[in-house]
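Heads up, the thing below is written out as structure tokens.
Quick note: the coordinates plus some simple rules give every number you see, no bench work behind them. Just so it is clear, the model here is predicted, and its values are computed rather than measured. So basically every Cβ, Gly included, is an ideal-geometry build from the backbone, and we count neighbours across all protein chains shown.
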Amino acid sequence: MLAPIQTIARPVSSILPAAGTLAAKRTFFAPSEVYNKKQVIITKKTGLDILNDPKLIKGSAFTADEKDRLGIRGLVPPRPQSLEAQYKRCKTNLDKISDPLEKFIFLNHLQNRNETLYYKMIIENFVELAPIIYTPVVGEACQKFHKIFTQTRGMYFSTADRGQMSAVAANWPYDDVDVIVVTDGSRILGLGDLGAGGMQIPIGKLTLYVCGGGINPRNVLPIVLDVGTNNKELLNDPLYLGMQHPRLQGEEFHAFVDEWVSAITDRFPKAVIQFEDFMMPNALDLLLKYKDQICMFNDDIQSTGAITLASVLATMRARGGSFADIKKETFLCLGAGSSGVGVCETIVDCIVAEGATREEAYAQFYMFDHKGLLGKGRDDLLPSQQVFMRKEIEGGKTPAELLKKIKPTCLLGLSTCPKLFNKEMLSFVASYCEKPGIFPLSNPTSRSECTAEEAVEFTDGNLIFASGSPFDPVEWKGKTIQTNQCNNSYSFPGIGLGLVSSRATRVPFETFQVCARVIASLGTPEMLATGKIFPDLDNLRAVSLEVGIEVAKMAERMNIATQFPPKGMDWREWLKHNMWQPEYPHIVVKNL
Ligand SMILES: NC(=O)C1=CN([C@@H]2O[C@H](COP(=O)(O)OP(=O)(O)OC[C@H]3O[C@@H](n4cnc5c(N)ncnc54)[C@H](O)[C@@H]3O)[C@@H](O)[C@H]2O)C=CC1
Ligand SMILES: CC(=O)C(=O)O
Ligand SMILES: [Mg+2]
């Protein structure tokens, strides 16, 4: 039964680290300093079963001794090679491919053949390959899932499995699962309902958990809840792989998810569950329903909130101010869906933590959806949107009609509509505000509210730019203006690392505030001066470590941690110890 839902407004606890203390205290670790523990995998497999298992295979890297022990002498080439040599060969082959989707397919096959090599490839080339396995190219891979599909990965729970989900959950061959990413494919990036094709999103997100957060790839599980699709093309395409009936709705949808939650938490009681790309209002309803029952969060609502808040706080620093200046910002948000509402609520939480009342904080926002301003007379709004209603202004007015009155200092784009941040809007904002925050957050690139070039040109280089999908830095009047990727991929890997390492039982709202403050503290004054508010994406492991440590400490302070660093280790050492590294494991054969 669906719990009654009001809004996502909530009190802000005093659990947060004090503003301004994080940067001073933090020692920033380079990824190379991260401690490496050797993995040991115990299996009963031998022979071809080892070679056909992407978690066990080492290809040409098996030693002579291993070949004898595992019964594969003669089944692989004779001269043992290092992982490094394999990596170089594979990278050379990858570099020969120019088409981005073909690169995606190459990497997809690599993951299905040899996981260690795949994760090493992504870690070593993060900035180059994240846009392939993640936004923007993953969007196209979801759209064409049924056309490029060759091998299964993860799990599907469909309407045909109702009443039997516990039995289906039992089919997953590994008992230890740390992180699950689950979608129903109903709102994939800004591309709409892609049904079972949404599977590429949990797979991509979990690659980021492994590569960016050091989560063990043996312990991750991508899942699609196939409750049907309303995408007419997919309903009529004979190649489509999902259930070809309209989506379950209302009570039927919730009963389906209830059964799945019960089955999956019974089977994997320790797992953190990330809900991903569910459409409104289901996304928020499910979050409010389960957040106090199980260890779960919604990525689009909450981790997007965390990284966007980090962008806003870092912008305050880039202007020479402090986090507390967030109380003086005026936000214009295009998009009032799960992410728009989630992002703005997370910012509201922070403003309240900085001393404002909740009403004062809401008054700093002007939110628009496809019908215009959330204002007077709008009787079509969900409770979570009503708190952002401007009761003093007629609802439905366009941003252009209100721009001069509002004078926003930060533009948030979560509308799925390209080009909404137009020349008029951008040049006006830059005319009175020093370094306005220009944040076109919709994905993939084709949905971005503006490009980096447009933003720089129309603001004459006076901006902090952070977008959902990546854009290259822009040369402008002899200067390089840096761009940033404001994507939850920067926040959830560290959040997951902290939750898994502390075996937290819940994911409180404070988690996202803690995460935002850590990330917003990482930019050095030199970086901030060039417009760069976060360290580069190839530092994601180091960023995740910092986020993870603070999240784990928060879990301890809030009494929701159930695992602590062993004697003689602090949280930092424990998290470093837990971070998986792309190295071949020792394989031990035992008749289990
Ligand atoms: N950068 C990041 O990390 C993230 C980005 N996103 C992106 O945010 C976008 C929105 O996601 P959701 O909120 O979940 O989608 P949604 O479908 O729930 O919401 C979209 C909202 O945009 C509004 N909208 C449509 N046309 C508009 C227009 N012309 N002007 C103003 N508003 C308009 C709709 O009325 C709706 O309120 C997607 O493109 C998604 O990829 C989502 C999560 C994370
Ligand atoms: C990044 C992400 O989660 C989204 O666009 O939905
Ligand atoms: Mg998402």
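Given Cα pairs under 8 Å that are at least 6 residues apart, what percent is the relative contact order of the range 58-143?
26 percent
Just add up the charged neighbours of residue 467: K/R +1, D/E -1, any other residue whose Cβ is under 12 Å from the Cβ of residue 467. Let's see the in-between values first.
Working: positive: 447; negative: 449, 453, 454, 472.
Once positives and negatives cancel, what remains is -3.
What does the charge add up to near residue 493, with Lys and Arg as +1, Asp and Glu as -1, over the other residues with Cβ less than 10 Å from its Cβ?
Result for the local shell: +2.
At a Cα cut-off below 13 Å, give the aspartates and glutamates reachable from residue 419, other chains included and same-chain residues fewer than 8 away excluded.
449, 453, 454
How much of the DSSP bridge set in the chain is antiparallel, in percent, rounded to the nearest 5?
Working: 5 of 44 bridges.
Around 10 percent antiparallel, to the nearest 5.
When only C-alpha pairs under 8 Å and at least 6 residues apart count, what is the relative contact order of the chain, in percent?
19 percent
Which three extents, in angstrom, do the Cα atoms of the range 151-279 have along their principal axes, listed largest first?
39, 31, 26
Once both labels are modelled 7 Å past Cα along the beta-carbon direction, what's the residue 324-residue 530 spacing in nm?
According to this spin-label approximation, the distance is 3.2 nm.
Short version: what are the Cα gyration tensor semi-axes of the range 363-501, square root of 5 times each eigenvalue, largest first, in whole Å?
26, 23, 13
Restricting things to alpha carbons, find the Rg to Rh ratio for the chain using the Kirkwood radius for Rh. Walk me through the intermediate numbers first.
Numbers: Rg = 23.7 Å, Rh = 24.6 Å.
Radius of gyration relative to Kirkwood radius: 0.96.
Among 61, 496, 363, whose Cα lies farthest out toward the positive end of the dipole of the chain, if unit charges sit on the beta carbon of Lys, Arg (+1) and Asp, Glu (-1)?
Among 61, 496, 363, the one farthest towards the positive end of the dipole of the chain is 61.
Once you charge only the Cβ atoms, +1 for Lys and Arg and -1 for Asp and Glu, what is the size of the charge dipole of the range 58-143 about its Cα centre, to the nearest 20 debye?
Using Cβ point charges on Lys, Arg, Asp and Glu, the range 58-143 gives about 380 debye.
Between residue 159 and residue 360, with labels modelled 7 Å along Cα→Cβ, what's the label distance in nm to one decimal, could you check?
5.1 nm
So how do 272-281, 335-344, 503-512 stack up, highest first, on mean other-Cβ count within 10 Å?
335-344, 272-281, 503-512
Identify the residues of the range 58-74 with backbone N under 20 Å of a label point that sits 7 angstrom from the Cα of residue 113 along the Cα-to-Cβ direction, or state none.
Only 58-63, 72-74 pass the distance filter.
Hey, what does the equivalent ellipsoid look like for the range 487-526, semi-axes from the Cα gyration tensor as sqrt of 5 times each eigenvalue, largest first, whole Å?
After diagonalising the Cα gyration tensor, the semi-axes are 22, 10, 9 Å.
In debye, nearest 20, what is the charge dipole magnitude of the chain about its Cα centre with +1 on Lys and Arg Cβ and -1 on Asp and Glu Cβ, if you could check?
Once rounded to the nearest 20, the dipole reads 1140 debye.
May I ask you to list the residues of the range 343-365 whose amide nitrogen lies under 17 Å from a point 7 Å from Cα along the Cα→beta-carbon direction of residue 391?
Zone members listed by number: 357-365.
Mind giving me the nanometre distance, one decimal, between the label points for residue 422 and residue 251, set 7 Å out from Cα along Cα→Cβ?
Each label point lies 7 Å from its Cα, and together they span 4.7 nm.
So, by mean Cβ neighbours within 10 angstrom, what's the order for 231-238, 554-561 with the highest one leading?
554-561, 231-238
Taking Cα centroids, how far is the range 529-551 from the range 242-291 in Å?
Their Cα centres are 31 Å away from one another.
Which Cα, out of 146, 106, 48, lies furthest along the positive dipole direction of the chain (beta carbon charges, K/R +1, D/E -1)?
Checking the options against the dipole of the chain, the answer is 48.
Based solely on C-alpha atoms, express the radius of gyration and the Dmax of the range 512-557 in angstrom.
Computed over the Cα atoms of the range 512-557, radius of gyration and Dmax are 11.6, 37 Å.
Between residue 479 and residue 588, what is 0.36 nm times their sequence separation minus the Cα-Cα distance? Round to one decimal in nm.
That pair, residue 479 and residue 588, stretches by 33.6 nm at full extension.
Given R₀ = 30 Å, FRET efficiency for residue 147-residue 216 by Cβ-Cβ distance, to 0.05?
Once the sixth-power term is evaluated, E becomes 0.40.
Given that compact globular proteins tend to follow 2.2 N^0.38 Å, what is the ratio of the alpha-carbon Rg of the range 58-143 to that value?
That ratio works out to 1.25.
Report, in debye and to the nearest 20, how large the dipole of the range 128-287 comes out about its Cα centre when Lys and Arg carry +1 and Asp and Glu carry -1 on their Cβ.
It works out to roughly 360 debye.
On a full-extension model of 0.36 nm per residue, what is the gain between residue 85 and residue 97, subtracting their alpha-carbon distance, rounded to one decimal in nm?
Separation in residues times 0.36 nm, less the Cα-Cα distance, equals 2.4 nm.
Which one, 179, 158, 254, is farthest towards the positive end of the dipole of the range 151-279 when Lys and Arg carry +1 and Asp and Glu -1 on their Cβ?
179
Based on the mean of other beta carbon atoms within 10 Å per residue, what is the order of 370-380, 564-574, 410-420, most packed first? Mind showing how you got there, number by number?
Numbers: 370-380: 15.7, 564-574: 13.5, 410-420: 22.0.
Top to bottom by mean Cβ count within 10 Å: 410-420, 370-380, 564-574.
Tell me what the chain gives for mean residue ellipticity at 222 nm when only DSSP H runs of n ≥ 4 count, each as -39,500 (n - 2.57), the sum divided by the residue total, rounded to 500 deg cm²/dmol.
Result for the chain, helices only: -12000 deg cm²/dmol.
Is there a pair in 371/397; 55/567; 67/120 whose C-alpha atoms are over 20 Å apart, and which pairs would that be?
Beyond 20 Å: 55/567; 67/120.
At q = 0.17, 0.24, 0.25 Å⁻¹, what is the base-10 log of I(q)/I(0) for the range 523-584 according to the Debye formula with one equal point scatterer per Cα and no solvent? Please give it to two decimals.
So the normalised log intensities work out to -0.73, -0.99, -1.03.
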